[in-house]
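Below is one structure; the comments refer to it alone.
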Amino acid sequence: MAGAGKIELRGTLDSESKNILSAEALDFVAGLHRQFDSRRQELLRARHERQARLDAGENPDFLAATKPIRESDWRVAEPPSDLIEREVEITGPVDRKMVINALNSGASVFMADFEDALSPTWSNIVQGQANLAAAVRRTLEFRGEDGRAYRLNDKIATLLVRPRGWHLSEKHMLVDGAPISGSLFDFGIYLFHNAAELGKRGSGPYYYLPKLESHLEARLWSEVFKYAEQRLKLSGGTIRATVLIETILAAFEMDEILYELREHIAGLNAGRWDYIFSIIKKFRNRAGLVLPDRAQITMTVPFMRAYTELLVRTCHRRGAHAIGGMAQYIPNRKKPEANQIAMEKVRADKERESNDGFDGTWVAHPDLVAIAREVFDRHLGDRPNQKHRLREEVSVTAQQLANFTVPSGEISETGLRNNVSVPVQYLANWLNGRGAVGIFDLMEDAATAEISRSQIWQWIKSGSKLASGETIDMKYFDRVLSEEVAKLDPQFAKEWAQGSALVSRLIKEDFVDFLTLVAYEQLA
C-alpha cells in the first residue's frame, strides 16, 4: 500500500489501523525519521567502534570530558503529579486483555511494552497502538472466549510506553525508501494520537527508553522530544521519560544521561536482565571473563550491588526517581510449596530494594503487585518516594562496576540445559507473535532469552567446563539441544523446530548483537 509522497506502507490495514495510521500521523513520524535517522545511524556505528576498543582491551571508565557535569550541582525537572508515587510498576505487552488487566492491577504504573515483551508483527504493533489510544480515552474493552467482559476501572495505573530500542527498524514503513526507526515509529504514533487527550485528562505522554549505551544516545532522545513538542505545539517538558540503565556502558554515564534529558527525565530504572546480557555481550571476547549460571547472578553479587547502589545515589542527588528491577515469577497455584518459596524470594528482593532507597519496583504479574506494595508501603510510610535518602555514604568505583567476579559461581548442567530450553521455547513463541512467555514459572522476554543464548555462545567459544568436568563444545550443545527439544510438547513440534533452528544459528555463527535482529528477518 503506497502512501502520499515518499511514504510507503507494506503491511495490510483494517479500518481501525487506518485510523491509527492516518496520513497526518504518518507525516509526523516521517518528519521524525528525516530529521533524526542519520544521527541514529551514526550512534549505532559508534556502538560498533566502542565494541572494537573493548575487544582490544579498553576498560570502561567514567568519562573525563564530562567530569564537570558529575561534580556540579543541578537537578532534573520536578515530576508531574501522576509520576510522584511509583511504588509498584507492572509491565507487559500491548494486547487488549493485558492492557486492561495491567491498568486495573492496583499498580502505580503500567509500562506498555513495544520492545522486549512484544513480538513486533505488524498487527501487534498497529493493534497495540489502537489499544493504547482506546485506553487513554477509557473506551478499551475485551471479551474473552468464555464470554467474560473486561473493562477499565475508574482508578487505573499511570500509563508509560516503551518504544523499541534505537537498533530496531520497522520494515513495514519506508520513508524515502528506507525503513523507519522502530523507536521513532512507536514514539511518534503514540504521541501524535494521545498527547493532547492525555493533557486534557491531567496526565501526559510518558515513556520508558530502552537499551541506551551512552549520554549521546540520550541527547538524541532529548532532541527528538523537543522537536516533537514544537511540531505538535506542546509545552516544553510535556514529554517525560524514564531511562532503563540496562547496559554496562550506560552505568558509567548515569549522571550524564540525566543531564541530557533534565527537562524531560522522570527517573532511571535498574534493568537487571538486559544489564547482565550487556556484560556478556560487551566482554564476550575478553579472556577469563565468563559468568556462571544465570540463576547465580543475583542482585546481591558485588557488581550488581555496585550498579544498583550507584543508581539510587545518582538519581536522588539529581531529584530523579530510582526504580528497581523486575520480579519475573509467575504464581503457580498447582505447586503451593514452590509457589511459597518463589513469593518469599520476591518479598526478599523488594525488601532489599526498598532498604537500598529505591522509590519503586517492577513486577511481571498482577498477583505480585500486593506483595511489592506492602513492602514499599511499610518502608515509605506517608511519603510517596524516598528521594530524600541521598545515599551519600555510597562510593562506587569503575573497578567495582567492572569486576564481574561471582563468588562460588559455576556452570552446572542444569544451568546449561535451562539456557538451551528457554530461548528455544521463547523464540518459537516470538516467531508466532507472542513476546512475553511463561516458561518454568518465570515470565521470559527477549532480555532473558538474550542472556541464555549469549552465555552458551561464550561458554563454547571460551572452552568452559561444567562443574562436573565436561567441556562445553558444539557437539555437547547439539546433544543437549536435541534432548531438550524432545522434552517439549510434541503437538507443537513445528514451532519447536523453528525455535531450535534459530537458537542453533545464533550459537554457531558470529555473535549477533541482538537476537531480535535475526529473528525479525523471519517474522511473518
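A few remarks follow.
- The stretch 194-205 - residue that is surrounded by fewer than 24 Cβ atoms within 10 Å (Cβ to Cβ) and within 15 Å of Val161 (Cβ to Cβ) and, of those, farthest from the chain's Cα centre (by Cα): Glu197
- Checked against (1) crowded, with 16+ Cβ neighbours inside 10 Å; (2) in a loop (DSSP other than H, G, I, E, B), Ser468 passes all but condition (1).
- The residues in the stretch 450-473 that are among the β-branched types (Val, Ile, Thr) and under 22 Å from Gly271 (Cα atoms) can be counted, and the count is 2.
- Residue that is farthest from Gly267 (Cα to Cα), among those in the stretch 66-101 that are part of a helix (DSSP H, G or I) and of a type in the set (Asp, Glu): Glu71
- Qualifying positions in the stretch 504-524 - part of a loop (DSSP other than H, G, I, E, B) and either of a type in the set (A, V, I, L, M) or more than 18 Å from the chain's Cα centre (by Cα) (or both): Glu509, Asp510, Phe511, Val512, Leu523, Ala524
- For the stretch 149-180, taking the residues that are touching a Pro at 6+ places or on another chain (Cβ under 9 Å) and more than 30 Å from Ile84 (Cβ to Cβ), the one that is surrounded by the most Cβ atoms within 10 Å (Cβ to Cβ) is identified as Met173.
- Long-range neighbours under 6 Å by Cβ, at least six apart or interchain, first residue under 13 Å from Gly325 (Cβ atoms) within the stretch 244-256, second modelled with pLDDT under 95 and not in a helix (DSSP H, G or I): Leu244/Gly271; Glu246/Gly271
- The strands (runs of 3 or more DSSP E) located wholly in the stretch 205-320 that include 1 or more residues which are farther than 22 Å from Ala195 by Cβ occupy 240-245, 265-270.
- Residue within the stretch 319-335 that is in contact with a Pro (Cβ under 7 Å, 6 or more places away or on another chain) and polar (S, T, N, Q) present: no
- Set Asp95, Asp116, Asp82: member being buried (at least 22 other Cβ atoms within 10 Å of the Cβ) and of a type outside the set (Ser, Thr, Tyr): Asp116
Results for (1) surrounded by fewer than 12 Cβ atoms within 10 Å (Cβ to Cβ); (2) in contact with a Phe, Trp or Tyr (Cβ under 7 Å, 6 or more places away or on another chain); (3) not in a helix (DSSP H, G or I), shown as yes or no for each residue.
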residue	(1), (2), (3)
Thr12	yes, no, yes
Asn19	no, no, no
Val29	no, yes, no
Gln35	no, yes, no
Arg39	no, no, no
Leu44	no, yes, no
Glu49	yes, no, no
Ala52	yes, no, no
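- Residue ranges of strands (runs of 3 or more DSSP E) in the stretch 123-173 with at least 1 members more than 21 Å from the chain's Cα centre (by Cα) and at pLDDT 95 or above: 141-143, 149-151
- In the stretch 23-47, the residues that are outside the structural domain of Val512 (by TED's automatic domain parsing) form Cβ pairs under 7 Å with partners that are basic (Lys, Arg) and part of a helix (DSSP H, G or I), at six or more places apart or across chains, as follows: Phe28/Arg231; Gly31/Arg231.
- Pairing residues of the stretch 114-125 that are outside the structural domain of Gly433 (by TED's automatic domain parsing) and over 20 Å from Ala428 (Cβ atoms) with residues that are buried (at least 24 other Cβ atoms within 10 Å of the Cβ) and of a type in the set (Ser, Thr, Tyr), at Cβ distances under 9 Å and at least 6 apart in sequence or on separate chains, gives Phe114/Tyr190.
- Annotation note: of Glu263, Glu344, the sole residue that is farther than 23 Å from Ile90 by Cβ and surrounded by fewer than 24 Cβ atoms within 10 Å (Cβ to Cβ) is Glu263.
- Residue in the stretch 198-209 that is of a type outside the set (Asp, Glu) and under 21 Å from Arg70 (Cβ atoms) present: yes
The values are calculated or read from the model by the stated rules, or taken from the named source; none is laboratory data. Quick caveat: nothing in here was measured; it's all calculated off a predicted structure. Please note: Cβ atoms are built from the backbone with ideal geometry, for glycine as well, and neighbour counts cover all protein chains shown.
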